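What follows is one structure encoded as structure tokens, with my remarks underneath.
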Amino acid sequence: MEETSKKRGRPWLWVLIALLAIGVLAAAAWFVTFRVNHFSLELALTGDPKVLLEYGDSFTEPGVTPILRGTLFLKEGYTPEKLEILRETDLNEGKLGKYSIIYSAKLLNCSAAAQREVRVIDTKAPTITLKEDPEGSLVEGVIYQEAGFTATDNYDGDITDRVVRTEEPGLVTYAVTDSSGNPAVAKRQIPFRDMVLPEILLEGGEDYTITLGTRYEEPGFTATDNVDGDVTAMVQVEGEVDWLTAGTYPITYTVTDSCENQTVVTRNVEVVTQPWQDTVYPEGKVVYLTFDDGPSAYTAELLDVLDAYGAKATFFVVGSGNGSMMRQIVNRGHSIGIHSVSHNYDQIYASPEAYFDDLMNMQSIIYDNTGVKTTLMRFPGGSSNLVSRHSCEGIMTFLTQAVQDAGFQYFDWNVYSGDAGETKKTEKVADNVIEGIQQHRVSIVLQHDIHSYSVDAVEDILSWGKRNGYRFLALQPGSPGFHHDLNN
């Protein structure tokens, strides 16, 4: 019985042993859980960590999630449901700027923090309000009478004083930018009535004079408008000048601005003739030796011979002639005249315009080489030539009148040396000239200083002439021209 009683009184021991075992297991679990399994606490932000908040809008908290993680257990993380999360911020929704929201929390011996950036921005453009135009006050001349305007911004408020106003014909533009750099533009269409005519200024004046034979070149003009500015390129020019026929020729200049205001001015171009030179016959027996188509390689020798006899001559030169020899001709007291630039009959007699172009070009060549603007000239082939008929019917009849109206004096001849094809013998050239001279008191002799046989005959001519009382002179504007009968 006693043994039985002792056995029945021992269960408490087993209970104690069980409790001790549970405690040991719990301690082991605690040790493993909190000592061996290290925990960490994280705060995960919901949404974007950097938030742009438009000025005037309210900030809505996206939220934050706590996550507890262990190195052995809870590796995937565990979210405590009732963990208190503290929130600190300096956010001011009513002021542009950058702000922070700081989140923090503690669990067991772990703590965590996270930060969200909030920027309050202004991306809304200002508003420009144009006051309605009172009827009848839109345009005064070319200046618009401003009806008024205002500009407001959701952040800056009234920014009317910042508006930049630009006026151009028919349009006023208003532009403003707020402190955040947001631009706004408004435009006002205005009915524009421009009553001011454009102006045309003619260089050289409205009355313009040229000498017959001088090709008309537009002196120039400019046109301006009070609204359109420089409108020179819009000017329409009408009219032609016949620079080979005396008369007055109107040239009209017309310009129309963008408001349909039109201005027309007229330039009267007068083509005038020069007085014809009176012919003065020299006294006594006179010979005018003339040489065409040079200067050439033989001209220097010819000048020396003329100097030796105290004689003067006239040289009708061509464009291919030596320029320095042209200067020698003038410097040694002889006359120089125009013959032709090219001596191409088909080219120079193609039209009156073509002839005058050649004439004026040759005059310029002579002037450039000698400083003499000569008006003495000889037609290639003479005024009686027949070759011009193949190029332009009746041209010589026109030109002989026109060149004199232009202030030139043309010279034919009454003594021919025969050196242009009839003979190449010096003696025959001299005989032809001497025989011809004896037929006239005043003679114009035609020779060519491009032929040595003709140049070699000059000394015999001078020697005979001096012995027989002839003077050898250079042609002048008033000298007799001995004009031939015309064949075209």
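Of all residue pairs spaced 6 or more apart or on separate chains, those with beta-carbon atoms under 6 Å, a first member in the range 440-461 that is without any contact (Cβ under 8 Å) to a residue 60 or more places away in the chain and a second member that is surrounded by fewer than 24 Cβ atoms within 10 Å (Cβ to Cβ) and assigned to a helix (DSSP H, G or I) are Tyr453/Thr426; Asp456/Thr426; Ala457/Thr426; Ala457/Ala430; Asp460/Ala430. Within the range 256-292, the set of residues being in contact with a Leu (Cβ under 9 Å, 6 or more places away or on another chain), part of a strand (DSSP E or B) and within 17 Å of Ala233 (Cα to Cα) comprises Gln262, Thr263, Val265.
Out of curiosity, is Asp207 open to solvent by 20 Å² or more (accessible area, probe 1.4 Å) and under 16 Å from Lys131 (Cα atoms)? So Asp207 fails the test. In the condition set (1) under 30 Å from Gln274 (Cα atoms); (2) at pLDDT 95 or above, Met234 is compliant with all but (1). Counting just the residues of the range 142-195 that are within 25 Å of Asp225 (Cα to Cα), hydrophobic (A, V, I, L, M, F, W, C) and not in a loop (DSSP other than H, G, I, E, B), which one comes out least open to solvent (accessible area, probe 1.4 Å)? Going through the qualifying residues, I end up with Val172. Filtering the range 62-115 to residues that are within 30 Å of Gly157 (Cβ to Cβ) and among the basic types (Lys, Arg) leaves Lys95, Lys98.
Considering each of Thr166, Thr89, Thr150 in turn, give the residue that is at pLDDT 90 or above and in contact with a helix residue (DSSP H, G or I) (Cβ under 8 Å, 6 or more places away or on another chain). Let's see the steps before the verdict.
Numbers: Thr166 fails: in contact with a helix residue (DSSP H, G or I) (Cβ under 8 Å, 6 or more places away or on another chain); Thr89 fails: in contact with a helix residue (DSSP H, G or I) (Cβ under 8 Å, 6 or more places away or on another chain).
Thr150 is the lone residue from the list that is at pLDDT 90 or above and in contact with a helix residue (DSSP H, G or I) (Cβ under 8 Å, 6 or more places away or on another chain).
If you scan the range 346-389, which residues turn out to be without any contact (Cβ under 8 Å) to a residue 40 or more places away in the chain and either assigned to a loop (DSSP other than H, G, I, E, B) or small (Gly, Ala, Ser) (or both)? If the condition is that a residue be without any contact (Cβ under 8 Å) to a residue 40 or more places away in the chain and either assigned to a loop (DSSP other than H, G, I, E, B) or small (Gly, Ala, Ser) (or both), then Ala354, Ser364, Lys373, Thr374, Phe379, Gly381 are the ones that fit.
Residue under question is Leu19, and the condition is that it be part of a helix (DSSP H, G or I), surrounded by 10 or more Cβ atoms within 10 Å (Cβ to Cβ) and modelled with pLDDT of 70 or more; does it hold? Working first, answer last.
On the way: part of a helix (DSSP H, G or I): yes; surrounded by 10 or more Cβ atoms within 10 Å (Cβ to Cβ): yes; modelled with pLDDT of 70 or more: yes.
In short, yes.
With respect to the conditions (1) out of contact with any Phe, Trp or Tyr (no Cβ under 9 Å at 6 or more places or on another chain); (2) surrounded by 21 or more Cβ atoms within 10 Å (Cβ to Cβ), His339 lacks only one, and its number is (1). For the range 413-421, indicate whether the set of residues that are under 25 Å from Lys373 (Cα atoms) and in contact with a Leu (Cβ under 9 Å, 6 or more places away or on another chain) is non-empty. Within the range 413-421 (the criterion being under 25 Å from Lys373 (Cα atoms) and in contact with a Leu (Cβ under 9 Å, 6 or more places away or on another chain)), the answer is yes, since at least one residue qualifies. Exactly one residue among Tyr249, Tyr253, Tyr174 is closer than 30 Å to Gln409 by Cβ and among the hydroxyl-bearing types (Ser, Thr, Tyr), and that residue is Tyr249. Examine the range 424-432 for a residue that is touching a Leu at 6+ places or on another chain (Cβ under 7 Å), surrounded by 18 or more Cβ atoms within 10 Å (Cβ to Cβ) and modelled with pLDDT of 95 or more, and state whether such a residue exists. Checked against the condition, which is being touching a Leu at 6+ places or on another chain (Cβ under 7 Å), surrounded by 18 or more Cβ atoms within 10 Å (Cβ to Cβ) and modelled with pLDDT of 95 or more, the range 424-432 yields no hits at all.
Hey, which of the strands (runs of 3 or more DSSP E) in the range 51-130, taking only ones fully inside, have at least 2 residues that are under 60 Å from the mean Cα position of the chain (by Cα) and loosely packed, with under 13 Cβ neighbours inside 10 Å? Write out each step before concluding.
Numbers: elements: 64-70, 86-89, 97-107, 110-121, 127-130.
The qualifying strands (runs of 3 or more DSSP E) are 97-107.
So if I check each of Ser417, Ser443, Ser384, which one is of a type in the set (S, T, N, Q) and either open to solvent by 20 Å² or more (accessible area, probe 1.4 Å) or in contact with a Pro (Cβ under 9 Å, 6 or more places away or on another chain) (or both)? Spell out how you get there, then give the answer.
Working: Ser417 fails: either open to solvent by 20 Å² or more (accessible area, probe 1.4 Å) or in contact with a Pro (Cβ under 9 Å, 6 or more places away or on another chain) (or both); Ser443 fails: either open to solvent by 20 Å² or more (accessible area, probe 1.4 Å) or in contact with a Pro (Cβ under 9 Å, 6 or more places away or on another chain) (or both).
Of Ser417, Ser443, Ser384, the one residue that is of a type in the set (S, T, N, Q) and either open to solvent by 20 Å² or more (accessible area, probe 1.4 Å) or in contact with a Pro (Cβ under 9 Å, 6 or more places away or on another chain) (or both) is Ser384.
Restricting the range 298-332 to residues that are more than 24 Å from Asp358 (Cβ to Cβ) and of a type in the set (A, V, I, L, M, F, W, C) leaves a set whose member that is nearest to the chain's Cα centre (by Cα) is Ala300. Going through (1) part of a loop (DSSP other than H, G, I, E, B); (2) within 60 Å of the chain's Cα centre (by Cα); (3) surrounded by fewer than 17 Cβ atoms within 10 Å (Cβ to Cβ) one by one, Gln401 falls short only on (1).
Suppose we filter Ser296, Ser320 for residues that are in a loop (DSSP other than H, G, I, E, B) and free of Cβ contacts under 8 Å to residues at least 24 places away in the same chain; which single one remains? Ser320 is the lone residue from the list that is in a loop (DSSP other than H, G, I, E, B) and free of Cβ contacts under 8 Å to residues at least 24 places away in the same chain.
The values are calculated or read from the model by the stated rules, or taken from the named source; none is laboratory data. Computed from a predicted structure; not experimentally measured. Glycine also receives a Cβ, built like all others from the backbone with ideal geometry; neighbour counts cover every protein chain displayed. Remember, those area values only see protein heavy atoms, side chains included, never the ligands or the DNA or RNA. Shrake-Rupley method; radii C 1.70, N 1.55, O 1.52, S 1.80 Å.
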